[in-house]
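These notes concern the structure reproduced below.
The values are calculated or read from the model by the stated rules, or taken from the named source; none is laboratory data. What you see is a predicted model, and the numbers here were worked out from it, not measured in a lab. Here the Cβ positions follow ideal geometry from the backbone for every residue, glycine too, while neighbour counts run over all protein chains shown. Ligands, DNA and RNA are excluded from the accessible area calculation, which covers all protein heavy atoms including side chains. Shrake-Rupley method; radii C 1.70, N 1.55, O 1.52, S 1.80 Å.
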Amino acid sequence: MYSGIHADINGQPRNITMRIKQIAYTIIAILTLMQVKVMAQNMKTIDVNPDKLIAAIQLEMWGVFFEDINMGADGGIYAELIKNRSFEFYKPLMGWKHKGDKYQEGDLLVLNRKDSKEKNPRYLRVTSRGSKREDLNLTNEGFRGIGVKKGLTYDFSVFYKQRGPQVKIHVELIDSTGKVIGAGELNDLNNDNNWNKGSVSFKADETVLKAKFRMWFEGPGQIDLDMISLFPQDTWKNRKGGLRADMVQMLADMKPGFVRFPGGCIVEGHDLSTRYQWKKTVGPLEDRELVVNRWNTEFAHRLTPDYFQTFGLGFFEYFQMAEDIGAEALPILNCGMACQYNTAELVELDDLGPYIQDALDLIEFANGSIETPWGKVRADMGHPEPFHLKKLGIGNENWGPQYLERLALFTTALKAKHPEIKLVASSGTDPVGERFDLLNNALRKANTDIIDEHYYRSPKWFLENANRYDNYDRSGSKVFAGEYAAHSAGVTKGNKSNLECALAEAAFMTGLERNAAVVNMASYAPLFAHADGWQWTPDLIWVDNLNVYGTPSYYVQKLYSLNKGTNVISILADNKVISGQDSVYASAVVDQATKEMIVKVVNVSNEEKAYAINVQGGKKLAAKGLLTILNSANLDAENSFENAINITPKENKLSVKGNRIPLRLKPYSFTIVRVGLK
Ligand code: AHR
């Protein structure tokens, strides 16, 4: 009724309203123009010159670091669902429970045949006295439960030996109420008193995050069991007994330049007996000798007594995975030293021969012809073609003169036989300090090919050190930023994988990219963490039994890798590298193959910034480009299983006029401008 006060006066009110509107629009337009003008005046200029190629970027520049920590391999990417499948854990029945009305003392026995099967000595002898599930059954809890998908087929297999009356094996998946959600039977088992392999596949009718596996026996009779195994069929490339496809896909999506494996501290072991020995991880699964995982008892706040390395993901599988995702394989070997935070055991220099031989044999395993002993092992495992190994790490995070002595022996032997293989050496645990200086100076003096630097530091440190490599010597050893992550709190104090950390890493990485002349490779660490089985935070990718999500840091890593380019180019503001002035960090590359310029800019402040990229040199920009932004108003923002895409990059088309690209850098943002060059 009162919506227009002049509504009833001869059509006049309409005109007056329109007039007011016109005036208002004019005022808004003038204000907008003034704002644009002010912004244009305040816009800072970033000068980029695609003609000024500063350094080539290595194909393998941005890679991934894989370690079996946080249940990354066993219970993680290695898709085996049965925990302690061969009864070799310290407690042979860890993960298993039995029940049964007809069970009598001695009906389940753990036997040891050490003399005939040294690497996998234990097995389980089952005496079955009944014919029903209730008479005797065995349940396996899986690694924090078993992830089961409705409609998916599961492959069960077992090594068995029986004599006398036949025992029939029933296998099933059950939910938390005990309801059967998938079942199979093993009939017609051999009765020949030899070890045989039996298998059966069956479909699941329901999706359950934490199911259990149960087997029961139709007797009477006695049967010996070993390597009790259950795999989903939807593995990576559908390989039998393979890797979790969703987890490998996360890596493949990053298009990493290399995969560093198998660690990390598990290379060193708690003591020398638990160090990583690659030869024990190849060949038939049942002969791969299990070792306790050194993260099992490392942190009192996250004890993981059921954490062992079964090596179903062994060196062959690591090489194969790297090859599958188009990455270079970068193995790291033990150098005759156990973890210096633990026992710090050393191999005497005179006894280092077998360790060095392991390194030489690894090169043969990876690259040797199938006529060579280790090349034949590779071929017998299904890969006659070489894996094209180019680099090898000697020692993980070792330090001190004792490391240098051992490294020197390795280097002499390896360079004599394989000068084509580049060696990666450790610079210890920290990026500064006496330990670092001792190693860094000695390694540079020895002209070591590549020096592995590690930094787990606060976001502030990453920002303050974004120019760390600006003055590094370009002519000598190259740098591998082999393990790094911004830590919001401390490994044992609830670190977060939040945007603040991711932006600090992105800012720091502008410095890595700008200095690609000396920094040849980089990888965030650690890679994977299981929500119910982790020891260390933050991590790049989180998983549970069925799901996977990337942290904001994952998207930063992925954006760098997918926007790697081929050559670093000059990018300056006020004639200076852009490394923290005005809370902004920037780097730029060109991709000579796709003929594009890629500019990366990080704004770590809570204010929007107005910048304009001014493209110098003789090249013209294409009219259309791509703008990718990772940002949030909340520095604490994280991704989660419930909201996996909370912080993910958003892409927008970019219209380009002339050689100037205006940019509004959002608060707390990582922005990538990608545009063609003519
Ligand atoms: O990435 C976690 C651990 O950090 C690695 O195992 C070790 O190399 C470093 O101390």
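Can you tell me which residue is farthest from Phe387 (Cα to Cα) among those in segment 269-291 that are outside any helix (DSSP H, G or I), within 16 Å of the ligand (Cβ to nearest atom) and touching a helix residue (DSSP H, G or I) at 6+ places or on another chain (Cβ under 9 Å)?
Val291
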Give the residues of segment 520-556 that are away from the ligand (no atom under 15 Å from the Cβ) and closer than 13 Å to Phe258 by Cα, sorted by residue number. Asn520, Met521
When Ile661 is evaluated against the numbered criteria (1) more than 31 Å from the chain's Cα centre (by Cα); (2) open to solvent by 70 Å² or more (accessible area, probe 1.4 Å), which criterion, by number, is the only one it fails? (2)
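Could you tell me how many of the residues in segment 522-536 are of a type outside the set (Asp, Glu) and open to solvent by 10 Å² or more (accessible area, probe 1.4 Å)? First the steps, then the outcome.
Of all residues in segment 522-536, those of a type outside the set (Asp, Glu) come to 522-531, 533-536.
Cutting the leftovers down to open to solvent by 10 Å² or more (accessible area, probe 1.4 Å) gives us 531, 534, 536.
Qualifying residue count for the region: 3.
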Within the bounds of segment 557-574, is there any residue that is closer than 28 Å to Ser640 by Cα, among the aliphatic types (A, V, I, L, M) and either modelled with pLDDT of 95 or more or more than 16 Å from the ligand (Cβ to nearest atom) (or both)? yes
Looking at segment 664-678, which of its residues are more than 18 Å from Lys620 (Cα to Cα) and open to solvent by less than 10 Å² (accessible area, probe 1.4 Å)? Leu665, Ser669, Phe670, Thr671, Ile672
A careful count of residues in segment 354-392 that are touching a Leu at 6+ places or on another chain (Cβ under 9 Å) and not charged (D, E, K, R) gives 12
Kindly list, by first and then second residue, each pair from a residue in segment 594-620 that is within 26 Å of Asn634 (Cα to Cα) and free of Cβ contacts under 8 Å to residues at least 12 places away in the same chain to a residue that is among the acidic types (Asp, Glu) and open to solvent by less than 20 Å² (accessible area, probe 1.4 Å), limited to pairs with Cβ atoms under 7 Å and residues at least 6 apart or on different chains. none
Ile266 fails exactly one of the following numbered conditions: (1) part of a helix (DSSP H, G or I); (2) of a type outside the set (S, T, N, Q); (3) within 14 Å of Gly312 (Cα to Cα); (4) within 16 Å of the ligand (Cβ to nearest atom). What is the number of that condition? (3)
Which residue, of Tyr123, Tyr78, is among the hydroxyl-bearing types (Ser, Thr, Tyr), closer than 30 Å to Leu527 by Cβ and modelled with pLDDT of 95 or more? Tyr78
From the option list Pro354, Pro373, single residue qualifying as under 30 Å from Lys240 (Cβ atoms) and more than 16 Å from the ligand (Cβ to nearest atom) is Pro373
Check segment 50-64 and report whether any residue there is within 16 Å of the ligand (Cβ to nearest atom) and buried (at least 24 other Cβ atoms within 10 Å of the Cβ). yes
Yes or no: segment 489-502 includes at least one residue that is under 28 Å from Arg444 (Cβ atoms), more than 16 Å from the ligand (Cβ to nearest atom) and modelled with pLDDT of 95 or more. no
Residues of segment 319-351 satisfying the condition of being of a type outside the set (A, V, I, L, M, F, W, C), within 16 Å of the ligand (Cβ to nearest atom) and either farther than 16 Å from Val282 by Cα or open to solvent by 50 Å² or more (accessible area, probe 1.4 Å) (or both): Asn334, Gln340, Tyr341, Asn342, Thr343
Looking only at residues in segment 234-263 that are part of a loop (DSSP other than H, G, I, E, B) and within 16 Å of the ligand (Cβ to nearest atom), which one is nearest to Leu313 (Cα to Cα)? Pro262
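Considering only residues that are open to solvent by less than 30 Å² (accessible area, probe 1.4 Å), hydrophobic (A, V, I, L, M, F, W, C) and closer than 22 Å to Phe66 by Cβ, which ones fall in segment 366-395?
The answer is Ala366, Phe387, Leu389, Leu392, Ile394.
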Can you list residue pairs whose Cβ atoms sit under 8 Å apart, with the first residue in segment 230-254 being in contact (Cβ under 8 Å) with a residue 12 or more places away in the chain and among the basic types (Lys, Arg) and the second being open to solvent by 10 Å² or more (accessible area, probe 1.4 Å) and in a loop (DSSP other than H, G, I, E, B)? Count only pairs 6 or more apart in sequence or on different chains. none
Only one of Phe480, Phe462, Phe508, Phe528 is under 30 Å from Pro232 (Cβ atoms) and touching a residue at least 40 places away in the same chain (Cβ under 8 Å), namely Phe528
From Ser116, Ser128, residue being of a type in the set (Gly, Ala, Ser), open to solvent by 30 Å² or more (accessible area, probe 1.4 Å) and over 34 Å from the mean Cα position of the chain (by Cα): Ser116
Give the residues of segment 572-591 that are of a type in the set (A, V, I, L, M, F, W, C) and open to solvent by less than 10 Å² (accessible area, probe 1.4 Å), sorted by residue number. Ile578, Val584, Ala586, Ala588, Val589, Val590
Going by the structure shown, is Arg288 of a type in the set (Lys, Arg), crowded, with 20+ Cβ neighbours inside 10 Å and closer than 30 Å to Ala183 by Cβ? yes
Exactly one of Asn631, Asn646, Asn652 is modelled with pLDDT of 95 or more and open to solvent by 70 Å² or more (accessible area, probe 1.4 Å), and that one is Asn652
Residues that are of a type in the set (Ser, Thr, Tyr) and within 16 Å of the ligand (Cβ to nearest atom), drawn from segment 468-487: Tyr484
